[in-house]
Amino acid sequence: MLELRLVQGSLLKKVLESIKDLVNDANFDCSSTGFSLQAMDSSHVALVSLLLRSEGFEHYRCDRNLSMGMNLGNMSKMLKCAGNDDIITIKADDGGDTVTFMFESPTQDKIADFEMKLMDIDSEHLGIPDAEYHSIVRMPSSEFQRICKDLSTIGDTVVISVTKEGVKFSTAGDIGTANIVLRQNTTVDKPEDAIVIEMNEPVSLSFALRYMNSFTKATPLSDTVTISLSSELPVVVEYKVAEMGYIRYYLAPKIEE
Amino acid sequence: PGVQKSIKDFYRSA
């Protein structure tokens, strides 16, 4: 038996919007730790890792570890039927082939049940060891979204370089080139507006902008985004989900042969 | 520019 009650239901709506274009079908795993998902995109270039910790739910009952295969497009359709202020409860029986999403309006005058069919998904789980990153950049998520959108009108690959000068986003295409440099700026009124660049070693890596743009669908979840770079590893683009967890996107670099 | 690597070039099946 599984029953997860999330008072801030809009978080789950935003989470789905953040991953449904990247991944079609995925297994949601439920354990005493929380509600989680790890999935690769169909071309195995990017990976998304979601964790919503159990403490973040008002009520969290998960009698045994459960993996529920869902079509994210269909799940998104159902969650779009929940109001932004609604409380969302996810319910499932052990061994059942459906999941139920219950939406309660804040005044309790409207209660809706949506039952969705589960599916068997043969998904591969990758082990992602903790790593020391050469450089970590924290910036406003809206700024990162703007940069990815702007650069993708010029080229299809972004080179992200971190030096002691700052972080540079560059692209090149048929019509020309673009470079955007951000310098560390912590003298801001609101901490979420800061640009913080933690450089242990300079790093420069190339990534497909198509995926970066897809990751920025998570912008409504968090005011800030953290970009972790190491020359030997995929970039990690992380958005916090309120106080309860995160969405991390991993993207394999493009490498000169 | 560059060859797109796979995420599986970096992480192994758990």
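Coordinate-derived values only; no laboratory data. Treat the numbers as computed from the prediction; the structure is a model and nothing was measured. Glycine also receives a Cβ, built like all others from the backbone with ideal geometry; neighbour counts cover every protein chain displayed.
Multiplying the residue separation of A:ASN84 and A:GLU201 by 0.36 nm and subtracting their alpha-carbon distance yields 37.8 nm.
Working from label points 7 Å from Cα in the Cα-to-Cβ sense, the A:HIS44 to A:HIS125 distance is 1.9 nm. For the residue pairs A:LYS20/A:LYS77; A:LYS149/A:LYS240; A:LYS168/A:LYS254; A:LYS190/A:LYS240; A:LYS254/B:LYS8; A:LYS20/A:LYS91, the C-alpha atoms sit more than 19 angstrom apart in A:LYS149/A:LYS240; A:LYS20/A:LYS91. Spacing of the modelled spin labels on A:GLU256 and A:LYS110, each 7 Å from Cα toward Cβ, amounts to 5.8 nm. Under the classification rounded if a/c is under 1.5, otherwise prolate if a/b is larger than b/c and oblate if not, where does region A:116-257 fall, given a ≥ b ≥ c as square roots of the Cα gyration tensor eigenvalues? It is rounded, given that a/c, with a ≥ b ≥ c, falls under 1.5.
Among A:MET40, A:MET212, A:MET1, A:MET102, the ranking by other beta carbons within 10 Å of each residue's beta carbon, starting with the fewest, stands as A:MET1, A:MET102, A:MET40, A:MET212.
Using θ = phi - 60° in the Karplus curve 6.51 cos²θ - 1.76 cosθ + 1.60, the 3J(HN,Hα) couplings for region A:40-52 round to 9, 6, 4, 8, 6, 9, 10, 9, 10, 10, 10, 9, 10 Hz; x is entered for Gly and Pro. Once the trypsin sites (Lys or Arg not before Pro) in DSSP loops with at most 11 neighbouring Cβ atoms within 10 Å are cut out of chain A, the longest remaining piece is A:184-257. Note on A:SER32 and B:LYS8: with the Förster distance fixed at 35 Å, the Cβ-Cβ geometry gives a FRET efficiency of about 0.75.
Principal axis analysis of the Cα atoms in the protein assembly as shown yields extents of 54, 43, 35 Å, listed in decreasing size. If you sort the three axes of the alpha carbon gyration tensor as a ≥ b ≥ c, you get a/c of 1.5 or more for region A:1-89 and a/b no higher than b/c, which makes it oblate. Peptide A:247-257 is shielded by partner chain Cβ atoms: per residue, an average of 3 of them sit within 10 Å of its Cβ.
Determine, for A:VAL225, A:VAL159, the number of other Cβ atoms within 10 Å of each Cβ, and report the residues in order from fewest to most.
A:VAL159, A:VAL225
The simple Förster model, with R0 at 30 Å and r as the Cβ-Cβ distance, assigns A:ASP97 and A:ARG210 a FRET efficiency of 0.30. Cβ-to-Cβ counts within 10 Å put A:VAL181, A:VAL241 in ascending order as A:VAL181, A:VAL241, the fewest first.
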